[in-house]
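What follows is calculated from the coordinates using simple rules that are stated; it is not laboratory data. None of the values given here were measured: they were computed from a predicted structure. All Cβ positions, even for glycine, are placed from backbone atoms using ideal geometry, and neighbour counts span all protein chains on display.
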Amino acid sequence: MSILPIKKEILDYYKSIPKCELHAHLNGSIRENTLRSLLKANGTTISGHIFDSYHNRTLSECFTLFDLIHKVTNSTEVISKITREMLEDFSAENCKHLEIRTTPRSLRDCTSEEYVDLIIDEIQNSHAVKSKQMNVSLVLSINRGSHDLNDALRVVEIATKKRIVSGIDFSGNPFKGKFADFLPAFQLARKKNLKTTLHFAEKMDPQESMKMLDFVPDRIGHANYLNTEIRERLLKMKIPLEICLSSNVATESVKSYQLHHLSCWVKNDYPVVICTDDLGIFRTSLSKEYAFAEQYTKIPRKLLTQIAKKSFQYKFPKLVLPKLH
Ligand SMILES: [Zn+2]
């Protein structure tokens, strides 16, 4: 993983323009300082350079961090804190619409539905939302690595009860689980007017990618491993694509910012949204992702500014609940 320097003028420009974030995981967006103090309170010591500011994290260190985050974000107090801080961080970036995604899970002191309510409370009480500086909605994730169909149906059931939830995401370890096994949950979500977004083509698996496209999701994320047939199909379907540059480079799915496929999509006038994925893990921000795109993929500023503006078109509308009689 190599985090490259960014020119201040470029970063300042992207901080100044209104932006929309549509692919940001709650736990992965934890602040580094918060993670460090939680680990300390937990008595967990970390060996090596994982927190050194001069050190570019390796792929395995990124996965170590994912595990550590999961272990220490285990109480209502911690989840409230990281939600609050995530809202502050995106608002400070001049993000005007934020979709937070997270997998409902029970903690040592709450059920999975209470976990979702906790996050909703933090959103509704946040200064950025109350002062209308930022719109926020929630996308609930089905984890292909740890859920079965029953768990997935439960995620959809929770989502349908919450006005602030706008969609269902398919995420987790791409080497585990098959989309087809979870299809009934996504069909139910669609029936209930929830939008869908799928972590797509995170490994070379054309059959799995085709199954996902057959479902015609409302958005997809990543699309790093495509054969010609799938690329051609996508170019026709024009399903909005969430692009996470630093995440893709850090996890070595893409060799470098310079070689990232974002430029190809832009050349083809394909609908894309620039996103952060897990800013705490990848030490990035929404403005930085745009700045990386300008400085290293050489997409002109004018085009990137248009991408930022257009991104708002691809946000999921909040769920309209049926009226109670
Ligand atoms: Zn993701």
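Place a +1 charge on the Cβ of each Lys and Arg in the stretch 162-245 and a -1 charge on the Cβ of each Asp and Glu, then give the dipole magnitude about the Cα centre in debye, rounded to the nearest 20.
Using Cβ point charges on Lys, Arg, Asp and Glu, the stretch 162-245 gives about 440 debye.
Regarding the stretch 16-147, what is the average projected area of its C-alpha convex hull, in nm²?
Average projection, Cα convex hull of the stretch 16-147: 9.0 nm².
Can you sort Cys110, Cys244 by how many other beta carbons sit within 10 Å, fewest first?
Result, fewest neighbours first: Cys110, Cys244.
Among Ser137, Ser311, Ser16, which one shows the biggest mean-square fluctuation in a GNM of the chain, springs joining Cα atoms closer than 10 Å?
Looking only at Ser137, Ser311, Ser16, the biggest GNM fluctuation is shown by Ser16.
Per 5 Å bin from zero, what fraction in whole % of the C-alpha pairs of the stretch 126-257 is there, up to the bin with the longest pair?
2, 10, 20, 20, 19, 15, 9, 5, 1, 0
Where the convex hull is taken over the Cα atoms of the chain, what is its projected area averaged over directions, in nm²?
16.5
Compute the distance in nm between two label points, each set 7 Å from the Cα along the Cα-to-Cβ direction, one at Asn173 and one at Arg84.
Spacing of the two 7 Å Cα→Cβ label points: 3.4 nm.
Using the structure shown, list the pairs from Lys96/Lys191; Lys15/Lys236; Lys81/Lys302; Lys7/Lys315; Lys203/Lys298 with a Cα-Cα distance above 31 Å, or answer none.
Correct reply: Lys15/Lys236; Lys81/Lys302.
For the chain, with a Gaussian network of springs between Cα atoms less than 10 Å apart, report the residue from Ala128, Ala41, Ala291 with the top mean-square fluctuation.
Ala41
Rank Phe282, Phe200, Phe66 by mean-square fluctuation in a GNM of the chain with C-alpha springs under 10 angstrom and give only the top-ranked residue.
Looking only at Phe282, Phe200, Phe66, the biggest GNM fluctuation is shown by Phe66.
Tell me the label-point distance for the pair Thr111, Ser146, using the 7 Å Cα-to-Cβ offset, in nm and rounded to one decimal.
1.9
Just to be sure I follow: if Rg is taken over the C-alpha atoms of the stretch 74-162 and Rh is the Kirkwood radius over the same atoms, what is Rg/Rh?
Rounded to two decimals, Rg/Rh equals 0.99.
In nm, to one decimal, how far is the Arg233 label point from the Leu183 one, both placed 7 Å along Cα→Cβ?
Result: 1.2 nm between the two label points.
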